[in-house]
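These notes are about the structure you will find just below.
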Amino acid sequence: MHPPEIRARARRLYLSGATVAEAARSVGLSYPTVRQWCKDRPEPKRQGSASRCFRCRPDVDNPIDPAAYSYLLGLYLGDGHLVTSARVPVLRISCSNAWPDLISACDAAMRSVLAARVQRVQQQGCVSVQSYGKHWPCLFPQHGPGKKHERSIVLADWQRVIVEAHAGHFLRGLFHSDGCRISNRVTVRGKEYIYPRYLFTNESADIMGLCQWALDLLGIAWKMNRRNSLSVARREAVAALDRHVGPKS
């Protein structure tokens, strides 16, 4: 007998839109076992995501929580992946085990933007925060085959309007995914000085450009310290970014 919580988890995944095979892989059990749980005693599925998609509802022009969308967009551009080859598209964002609050924030943002259900799939060294929904591609038109840095990443006009109004949340998503806040150490005339510094690293020139644009919107000074790395080091700039991002936790 398998624990009831394993059975419940497999059924939740299936009812959220995952295939039987995907649910079986997630719980680590055989296909026939999970198929019996999901198919032999079906439960009615929840209402689809169309009713929550602000791009498809004629009565809604913007997300109910635009700040959460800006944050989730930043996370997606950094560590996210939208799979559209499955029966139901699934948005996945990888979050390090070292940052439990980040995992919870990602989960909450997905629910605020579109998701009725969110799963946390433990992997080696990280948690894949994921949600199945047919309308995720409506909200992230940047999805496509291959790696992000090998294709063009351009925000739609409606996305730019949202980010312009919530640039701090967008930056928080970018720095929570591909950035960090560190203590920089320098020695001058034998005396050591320690000061905080933000770094953002990404191989995509387009995503790097979006980070620069959002920093400019907030008047935060930055410079490129390497081809694929941006630095925010001035005291007043770090203080301004602290108000929007802060260290991961």
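A cut-off of 5 Å between modelled amide H atoms, ignoring neighbours fewer than 5 places along the same chain, links LYS248 with ARG181.
Annotation: lysines with alpha-carbon distance below 26 angstrom to LYS191 (same-chain offsets under eight excluded): LYS223. Suppose each label sits 7 Å from its Cα in the direction of the beta carbon; what would the LYS191-ASP242 distance come out to in nanometres? Using points 7 Å along Cα→Cβ, the separation is 2.1 nm. Computed from backbone phi, the HN-Hα couplings of the range 237-247 come to 6, 4, 4, 5, 5, 4, 5, 9, 10, x, x Hz, rounded to whole numbers (Karplus: 6.51 cos²θ - 1.76 cosθ + 1.60, θ = phi - 60°; Gly and Pro given as x). GNM on the chain, alpha-carbon springs under 10 angstrom: the most fluctuating residue among ASP157, ASP216, ASP65 is ASP157. Of the peptides 172-184, 24-36, the order by per-residue mean of other Cβ atoms within 10 Å, starting with the highest, comes out as 172-184, 24-36. Take the Cα of SER96, go 7 Å toward its beta carbon, and the backbone nitrogen atoms of the range 197-220 under 13 Å from that spot belong to 199-201. For the peptides 130-139, 80-89, 219-228, the ranking by mean Cβ contacts within 10 Å, running from highest to lowest, is 130-139, 80-89, 219-228.
For the chain, CYS38, CYS95, CYS106, CYS126, CYS138, CYS180, CYS211 have no disulfide-compatible partner, since no other Cys C-beta lies under 4.7 Å from theirs.
Taken together, the values in this text are just the output of simple stated rules run on the coordinates, not laboratory data. This structure is a prediction, so every number in the text was calculated from the model and none was measured. Here the Cβ is made from the backbone with ideal geometry for all residues, glycine too, and neighbour counts use every protein chain on show.
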